[in-house]
Each structure stands twice: as structure tokens, then as C-alpha cells.
1. Read through the list (1) more than 15 Å from ligand 1 (Cβ to nearest atom); (2) under 22 Å from Ile118 (Cβ atoms); (3) not hydroxyl-bearing (Ser, Thr, Tyr), then give the number of the only condition that Val82 fails.
2. Name the residues in segment 58-87 that are within 17 Å of Lys9 (Cβ to Cβ), outside any loop (DSSP other than H, G, I, E, B) and of a type in the set (A, V, I, L, M, F, W, C), would you?
3. Any residue at all in segment 30-50 that is assigned to a helix (DSSP H, G or I) and under 20 Å from Trp117 (Cβ atoms)?
4. Residues in segment 142-152: is at least one modelled with pLDDT of 95 or more and either of a type in the set (Val, Ile, Thr) or over 23 Å from Glu42 (Cβ atoms) (or both)?
5. Do you know which of the residues in segment 44-58 that are within 11 Å of ligand 1 (Cβ to nearest atom) and of a type outside the set (Asp, Glu) is most open to solvent (accessible area, probe 1.4 Å)?
6. Take segment 1-43 and flag every residue that is open to solvent by 70 Å² or more (accessible area, probe 1.4 Å) and of a type in the set (D, E, K, R).
7. Please go through segment 94-105 and pick out each residue that is touching a residue at least 60 places away in the same chain (Cβ under 8 Å) and closer than 15 Å to Leu19 by Cα.
8. For segment 105-137, give me each residue that is touching a helix residue (DSSP H, G or I) at 6+ places or on another chain (Cβ under 6 Å), more than 14 Å from ligand 1 (Cβ to nearest atom), assigned to a helix (DSSP H, G or I) and within 21 Å of Ala51 (Cβ to Cβ).
Amino acid sequence: MSSKEELIKRLNTAMAWELAGVIQYMQAAVMVTGYEREIFREFFHESSEEARDHAEALGEKIAVLGGIPTVEPATIRQAADVQGMLEAALALEEDALQAWEAAHEVAGAANNGTLYWIEEHVAEEQDHVDHLRKLTGKVTFAAGDIKKGKGTTA
Ligand SMILES: [Fe+2]
Ligand SMILES: [Fe+2]
């Protein structure tokens, strides 16, 4: 397999994760109930639209490289409750980030513009992972390092 074919293959893997995101986030947006709906419906809706834009951008890039953009989404994770939806979103974003990073490793097979374009997306997907790690309570702070101000009783 030529290095360009390898790049196309890896971009298609990233595209499959973005297509999965379109569907997974859309399902979450329409299914989220309870008060959380006020907060998370829009978040899931916008995440679905963003994944669609990313999938299309990947498709454009794959096509200009002479590849056939995939129409098959990767694994779609489902959940009926908000916590489960957010955990599923985190897993999706981690998989998408890994796919973008894998494409980055071989991006030199195309041109500098493609390399920088992929780099920007790696940064963006890392932001999504970071945000969802916070949303799902995965971050632990060293509580002892919090400075207590005057008048603090705790
Ligand atoms: Fe994305
Ligand atoms: Fe993302």
C-alpha cells in the first residue's frame, strides 16, 4: 500500500467515527429527557452538526486525494440516560481523536496544507475529549492544594 493510500485509509477511519458521531449525538439529542434536557439537548444537537461538518471536510479531503469517502459509520454507542450518553460521547471522542492522530502520523504523504489541517482537527478533538472528561467527572483535583481564603470555614 502506498503512503498516500495509507493516508486515505486513515482519513476514512476518522470519517467513519465522525459519521458515527452524527448519528450517536442526534439520537442523544432527541432522547435526552428530564431537566437535563434543557442543558444537553442543544449540546448533543450541536455536536451532531459539528460531526457532520467534520465528516464532510474529511470526505472532501479524501476525494481530492483520489480516494472514495466512506458511507459506513463506525460503532454507534447508545444510552437512555444522560450520564450514559455523556460516557458514550467521551468514548466516541476518544476513538475519533485516535483516528485523527493516526492520520496525522502519515499526513506527510499529501502536502503541508493537509498536515496542518489535520493538526487543527487533532487539537479540536482533544478539546472535545477534555470537555467530556470534565462533564463526566473524570478529572480529580488535589483538594489539599486549594487555598482557603479569610473567612472560609470549611
Ligand atoms: Fe470531529
Ligand atoms: Fe469531536
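The values are calculated or read from the model by the stated rules, or taken from the named source; none is laboratory data. All figures in this text were calculated on a predicted structure; none of them were measured in a lab. Here Cβ is always computed from backbone atoms with ideal geometry, including for glycine, and neighbour counts include all displayed protein chains. Just the protein is used for accessible areas: all its heavy atoms, side chains included, with ligands, DNA and RNA removed. Shrake-Rupley method; radii C 1.70, N 1.55, O 1.52, S 1.80 Å.
1. (2)
2. Leu58, Ile62, Ala63, Val64
3. Yes, that holds for at least one residue.
4. No, segment 142-152 contains no residue that is modelled with pLDDT of 95 or more and either of a type in the set (Val, Ile, Thr) or over 23 Å from Glu42 (Cβ atoms) (or both).
5. So the residue we want is Arg52.
6. Answer for segment 1-43, where residues must be open to solvent by 70 Å² or more (accessible area, probe 1.4 Å) and of a type in the set (D, E, K, R): Lys4, Glu5, Lys9, Glu36, Arg37, Glu38, Arg41, Glu42.
7. Hits for segment 94-105 are Asp95, Ala96, Ala99, Trp100.
8. Correct list: Ala107, Thr114, Leu135.
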